[in-house]
Each structure stands twice: as C-alpha cells, then as structure tokens.
Amino acid sequence: MTQNDMASYYARFDAMAEQLGGRRALQSLLQVGPSALSNYRNRGHIPADKLQRLQSEAKMRGLLLHPDTLELSNHKAPVILLIITGGVAAYKALELARRLGDAGAIVRGVMTKSAQQFITPLALSALTGEKTYTELFDLTDEQEMGHIRLAREAELVLVAPATANFIAKMAQGMADDLASTLCLASTAPIAIAPAMNPAMWAHPATQANLSILAARGVHQIGPDAGDTACGEIGTGRLTAPDEIARTVMKLITPADKPLSGQHIIVTSGPTFEPIDPVRFIGNHSSGQQGHAIARACAALGAQVTLVSGPVSVPDPEDVKIVHIQTAQEMLAAVEAALPATGFIGCAAVADWRPAQFADSKMKKQSHSHIPALELVENPDILAHIAHHKNRPNLVVGFAAETENVAAYASEKRRRKGCDWILANPVHQERGTVFGASMNDIIYITETDNESWGPLTKTDIADRLALKIAAFFTNA
Ligand code: CTP
C-alpha cells in the first residue's frame, strides 16, 4: 500500500471502529487487547475470523461491512437461504456462497446429508460467516432459530445444486429433512440451479417434476450444456456460480431499485488549488449536476460515494459524502472509495496547480515586482480511474466544449478510456453549464450518440441514472 492508501485505510478503520461502538467495544467483541487492535490497523489487515465477527456485529446493527474497504453502509442486506443438495457439483456451491456475499447478500447455508459427503458445513460457514444448518430435529437450532423462522426470514430460497432426487421431493411436497421442510415452509420465491447426469436430466420423470415446479413459480437457473461433473457430456452442468449469483440478485431486486447492490462513486464541484493560505486557483463549477447525479443514483438504490470540491449546494441525503479541496485530495478520496461498480467524473477538476504553496500570505512587495505563478499538471482522475487495476465496470466522464462538441468529446472518451462521455456544449448566451440549472447534453458511447435537452440538471441526472441501471441490468 502507498502512503496515501495507508492513510485512507487508517481513516476507514477508525470510522468503522467508531460506528461499531468504539475501540473498547471492538476489543471485547474480538476478545483482543488494545495492541492487537492497533496492529490490525497499522498493518492494514484484519484476520479473517475477526473480520467475520465484525461483519456479524455490523449485520446486527442493520449495517453491511465491506470486507476490503471496511466501509459500513446501511443497506439492509437481503437474506438468501442457500440449500445445497448432494451432487458432485456441491463443491461449486462454496464459490456461489462467496459470490452471493460479494453481491451484498447474507447467505444462510443449509445442507442435506448427502451434500455433506462432498463439502463440510464448516467450510460453508467459514465463507458465509453464518451458522450452517443441517438437521431438522436439532434442539439447539430449534431454540436458536426454528425452521419456520429460518424459512420465513429469507428473501429467497436458492437450491444449488439441485439434484434430480431433491427436485422430485420438491415436486411431491415432501418434508422428510430440514432442506425439503424449508422449501415447503417458505413463502419466499424459490430458485433452483439443477445439476445432474445428462440422462437423468433428460428423463421424462425429471422433466415432469420440473414442469410442476415451473407451474408453481419456481425459478430455474440452468443447467448448462458441456462436461458434467460425472464426466459425461450433455445438458446437466451446474451454471457458473457468478451467473447464478447475478440472476438471483436480480430476482430479489425491487423493480424501483435497479441499482441496488451497485457502488457508484461520483465526483462533483470544482477543485481549489492553493497558492497561499488565502488565495487559490478555482473555477465556477456549482456542483449542481454532480450532486443531482449522486442523488438520482441513490434514489435507484445504489450505494453512492460523492467526492465533492467546495460548493454551496447542500449535501444530498442517502449518500456518503467526502469533502475535498484539491485535485490530489479528490484522487486520494476516489481511490479510497474503490472498489466500485461505477465511476462518474462530473467534477471540474483544475488542470493545473501552483508548483509551490507559500506557507504564509504572499505580500505585495512593490508595484514593479509581480510574482510569476509556476504551475504543474494535476492528475487526470477520470483517465486514472479508467485505467485502474480496480477499474469500475462503468466509467463515465463529462466534456465541456465550445466547438466541434461531439467530435471533441468522442475523442476525449477514447483518450481518457471511459465508456461513456456526456458532452456539454457551452453556450454562454443560453446560460447552460456553470451555475445554471439547465443543461444540454450529448450522450456518447462507442456506438451511440443521443442529444438530451435542454433539460434541468435534475432531469439529466435522472436520465443518466436510468441509463446506468439499464447498463447493469443487461450486463
Ligand atoms: N477530469 C478529471 N481530472 C482532471 C481533469 C478532468 O477527472 N484533472 C475529468 C472531468 O471530471 C470530466 C472529464 O475529465 O469528466 C473531462 O474534463 P475536461 O475539463 O472537459 O477535459 P480536459 O481533460 O481538461 O480537456 P480539455 O480542457 O483539453 O478539453
């Protein structure tokens, strides 16, 4: 980690400790002394078992703790009941559990007896950070969480892999073990990801059972064609875990929150580059457009980090705001907020900063001596993020242009390596761009070119947020 990375890690560690009740509370939760806690902070690493305890504590407070960034968001994480039945593909369910967790879900594992021939409940718990349930008549479990509650608390029940035998049991409505009882007791949507030998898959009995389940509204994911775990080629292969996780997360995303599960970083406003303690180089950016975009993405369910230069517009609600002054600080704040699935560079970043900063106010010495201001180039945040090793899936930039708007902006899109660019034609006489509430946009991608406006900056933001939602829905 660079010095900047370390500094931002310390800040996130401290903020996390604060939000979870302070350092003393953390020490007793993790059963460690103050020096161990300081070590986790100073080394930039928390041991996996301790991290899991922190994540469980966060969940109890209705928060989601990101394992890499240590950021806490108050997204209520959906609970997915992952039922693993006994096929060779069961080992892939471990990766599936991890993918669902990455997508922001709380995964509660349930394993049938035969699944335990392939993987252990302990391995699953290590990945989910939750107890794994196996027995219907386990008194302790019944005290901790009865099977009805276990079934009812889930937003979705996912059976993966689903064997031919388990599909048959579901179709018959059997309840002779914990897994089948949960399927019967749950009122939540159910999805199955079948995996079996191709002949078993093609058998009329299996197909008839699947029709029964489909008629009851059970979602079916896969199976795929190819090499199956039993060595035969044909249809019956478990769909790739990341594909199952993506499909499942879409199933539980409310229609009006298409950006839930996405983390989007937005930059907004100007940057101020100090010359001395009282003077700076700045610009007229009001932050209206960037702030409106942050608000629009949050309204569609995204977790938003807004990195803003000095502006007079109020902080939007439901977003995490980081206030900065300079371009270098803006870059550090954006990097600290990674990983993210989207980045929108709306800030009017100063291209240059004074090479030197005078610690005290520069005095006018004489009328004949006018100081020369030497400038150095600022980092290009948009280009940097577009070429980052942790590049967000979607990178969007803006381009304010006075002439050849579409051509210059398309060239800028390619040069900076972003996916989309929103070009602002600067019309001084119409009062668009800086400080105005209306904006004209040409939305440019590799293949599309659309004119939006003149529209209010809020309408532009809403339209962009919907485009982003469509991008992630179709991804
Ligand atoms: N940008 C950035 N960091 C910089 C300069 C610009 O992230 N140091 C981003 C802006 O947020 C915007 C895009 O790059 O999304 C385009 O900004 P613009 O000022 O139009 O482009 P420049 O690179 O400055 O090009 P020019 O001034 O030559 O048109």
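The values are calculated or read from the model by the stated rules, or taken from the named source; none is laboratory data. Owing to the predicted nature of the structure, the values given are computational and were not obtained by experimental measurement. Note that we place each Cβ from the backbone using ideal geometry, even for glycine, and neighbour counts take in every protein chain shown. Accessible surface areas use protein heavy atoms only, side chains included; no ligands, DNA or RNA. Shrake-Rupley method; radii C 1.70, N 1.55, O 1.52, S 1.80 Å.
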| Burial order of peptide ranges 249-256, 9-16 (average beta-carbon count within 10 Å, highest first) | 9-16, 249-256
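With a 1.4 Å probe and all protein chains left in place, how much accessible area per residue does the chain have, in Å²? Display every interim value, and only then the final one.
Working: 22940 Å² over 475 residues.
Each residue of the chain exposes 48 Å² on average to a 1.4 Å probe.
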| query | Around residue 35, with a cut-off of 13 angstrom between Cβ atoms, what is the net charge of the other residues, counting Lys and Arg +1 and Asp and Glu -1? | reply | +3
| query | Across the Cα atoms of region 166-236, what radius of gyration and what greatest pairwise Cα-Cα distance (Dmax) are found, in Å? | reply | 12.7, 37
| remark: Rounded to a whole number, the Stokes-Einstein D of region 230-315 in µm²/s (Kirkwood radius over Cα pairs; 37 °C; 0.692 mPa s) is 199
| field | Theoretical ellipticity at 222 nm over the chain - DSSP helices of four or more residues, -39500 (n - 2.57) apiece, nearest 500 | value | -11500 deg cm²/dmol
| task | Give, as a single signed number, the net charge of other residues whose beta carbon lies under 14 Å from the beta carbon of residue 464, with Lys and Arg counted +1 and Asp and Glu -1. | result | -2
| said: Can you return the aspartates and glutamates within cross-link range of residue 131? Criterion is Cα-Cα under 14 Å, with same-chain partners fewer than 8 residues away left out. | reply: 49, 141, 142, 144
| field | Rg ratio (alpha-carbon, reference 2.2 N^0.38 Å) - region 3-73 | value | 1.00
| task | List the lysines whose Cα lies under 25 Å from the Cα of residue 257, skipping any in the same chain that are fewer than 8 positions away. | result | 59, 76, 320, 457, 467
| query | Taking every DSSP beta bridge that has both residues in the chain, what percent is antiparallel when rounded to the nearest 5? | reply | 35
| message | Among the listed pairs 363/412; 250/412; 50/92, which have their C-alpha atoms separated by more than 31 angstrom in this model? | response | 363/412; 250/412
| query | What is the set of long-range amide H partners of residue 344 at a cut-off below 5 Å, with H atoms built 1.01 Å from backbone N? | reply | 265, 266, 267, 396
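In terms of the ratio Rg/(2.2 N^0.38 Å) built on C-alpha atoms, what value belongs to region 42-114?
Values: Rg = 14.1 Å, N = 73, 2.2 N^0.38 = 11.2 Å.
Cα Rg divided by the expected 2.2 N^0.38 Å: 1.25.
Carbon and sulfur: what percent of region 163-280's accessible surface (1.4 Å probe)?
The value for region 163-280 is 57 percent carbon and sulfur by accessible area.
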| message | Based on the alpha-carbon set only, what is the convex hull volume of the chain divided per residue, in Å³? | response | 179
| query | How much net charge surrounds residue 323 when only other residues with a Cβ under 14 Å from its Cβ are counted (Lys, Arg +1; Asp, Glu -1)? | reply | -1
| note | The set of residues whose placed amide H lies less than 5 Å from the amide H of residue 304, leaving out same-chain residues fewer than 5 positions away, is 264, 320
| query | Which whole-Hz ³J(HN,Hα) couplings does region 81-87 yield from phi under the Karplus relation 6.51 cos²θ - 1.76 cosθ + 1.60, θ = phi - 60°, glycine and proline marked x? | reply | 8, 9, 9, 10, 9, x, x
| Residues with amide H under 5 Å of residue 106's amide H, sequence separation 5 or more or different chain, H placed in the peptide plane at 1.01 Å from N; which? | 79, 80
| Anchor residue 389: aspartates and glutamates whose Cα lies under 17 Å away (excluding residues fewer than 8 positions away in-chain) | 5, 68, 335, 380, 419
| Ranked from highest to lowest mean number of other Cβ atoms within 10 Å per residue, what is the order of the peptides 150-156, 190-196? | 190-196, 150-156
| task | For region 79-252, just run the numbers: alpha carbon Rg, then divide by 2.2 N^0.38 Å, N being how many residues it has. | result | 0.94
